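J.: Before we start, here is the structure in question, set down as structure tokens.
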Amino acid sequence: MSCESFRNDLAVKLSSVLPPEQLHNVLSAVDLTAVDYTISRRQADLIVTDQPPVVSWYLASKTVENMSAGTIYQYQQHLKHFFDYVRRPVQDITSNDIRGYLAAYKSHRRVSDSSLDGIRRVLNAFFSWLVDNDYLLRNPVAKVSKIKYQQAQRIPLTPFQLEQLRDNCRTPREQALIEIFYSTGCRVSEVAAMDLTDVEWNNRSILIRHGKGNKCRTVFFSARAEFLLRKYLRTRSDDLAPLFISERKRNAEGRLTTRALQEIIKKIRRREPVGAKCTPHVLRHTMATAGLRAGMPVTDLQALLGHAKPETTMIYAHIDLTDLQQSHRRTYAG
């Protein structure tokens, strides 16, 4: 691999996590350093050093099952950290080793109980796979209790706050973004990946080619979103593929990164305080709550949001005391 190819790959991977100025500084440092090195591509990306071979086999199986690259990377990092800590053969690991690791991780990293239970679930999935595939006779995580934590309440925007956010928009692109986020309920990564060719204007739909878990689905947008999206597209004179592009075209295809989209929403919110936290994910919650309040069946909302389980959809929907009071009065009138 040439230094230029390595630099380009690095730029693509870091563009979604670093602001432009920091990305420029990192790439400049690479340019200065790389001249003294020969760079070669690693041939086996799934090989994880200083870990049992079964870790690589497990990650390979998750790749075959179409687990997203981001999730596989997280699993790899958690497993690497775990085996760096326990330094014992897989077959000798006990439930107490798991408990000791989780306690030490919480103490040193000061993570939330929710995050800590997420690590427990990663370890449980790994050891369950070992048992299912006859590498182990028992799962040491099975006797480790779930870590209790208070589920953070996800508060959607009120209708007034949503209108206030719309009023804060100053450009056609900002207006179109707010409406696409709200009316489709898409994840920020899904909006970033949208292309012009994914839009079907006749039925106001967008094909999500790579949703969570690499699953495809179709989402729909409102007449208001259509009007504002067409208005935004009329301001463009390029032939770039992405539905939403950077005004400064910081990469070859001009695509807005997930980080850039989050920053745009943050900037809109800050112009005139909305009175509530507002992120792309909050707009997703707002869409879900509005759907349930309007009587949309949970199964339909589940399909639109791209959830595997209806329980996940209900977490996204917020039902306040007023909703419960009105539902109680309708059911038990008199």
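The values are calculated or read from the model by the stated rules, or taken from the named source; none is laboratory data. Since the model is a prediction, treat every value here as computed from it, not as a measurement. Here Cβ is always computed from backbone atoms with ideal geometry, including for glycine, and neighbour counts include all displayed protein chains.
J.: Quick one: is R138 within 21 Å of the chain's Cα centre (by Cα), outside the structural domain of L256 (by TED's automatic domain parsing) and either in a helix (DSSP H, G or I) or among the basic types (K, R) (or both)?
T.: Judged against the criteria, R138 is not a match.
J.: Say whether the condition of being closer than 25 Å to E65 by Cβ, assigned to a loop (DSSP other than H, G, I, E, B) and out of contact with any strand residue (DSSP E or B) (no Cβ under 7 Å at 6 or more places or on another chain) is met by at least one residue in the range 150-164.
T.: No: zero hits.
J.: Moving to a separate point now. Could you please let me know if S145 is in a loop (DSSP other than H, G, I, E, B) and surrounded by fewer than 21 Cβ atoms within 10 Å (Cβ to Cβ)?
T.: yes
J.: Any idea which of (1) touching a strand residue (DSSP E or B) at 6+ places or on another chain (Cβ under 7 Å); (2) in a helix (DSSP H, G or I) is the one C186 doesn't satisfy?
T.: Answer for C186: the failing condition is (2).
J.: Given G70, G100, which one is within 20 Å of G118 (Cβ to Cβ), at pLDDT 85 or above and surrounded by fewer than 16 Cβ atoms within 10 Å (Cβ to Cβ)?
T.: G100
J.: Given the conditions (1) at pLDDT below 95; (2) exposed (fewer than 12 other Cβ atoms within 10 Å of the Cβ), and given that R170 satisfies all but one, which numbered condition is not satisfied?
T.: (1)
J.: Tell me the residue from F220, F181 that is over 22 Å from N66 (Cα atoms) and within 16 Å of the chain's Cα centre (by Cα), please.
T.: Just one listed residue meets the conditions, F181.
J.: Something else now. Can you tell me which residues in the range 115-135 are surrounded by fewer than 13 Cβ atoms within 10 Å (Cβ to Cβ) and outside any loop (DSSP other than H, G, I, E, B)?
T.: D132
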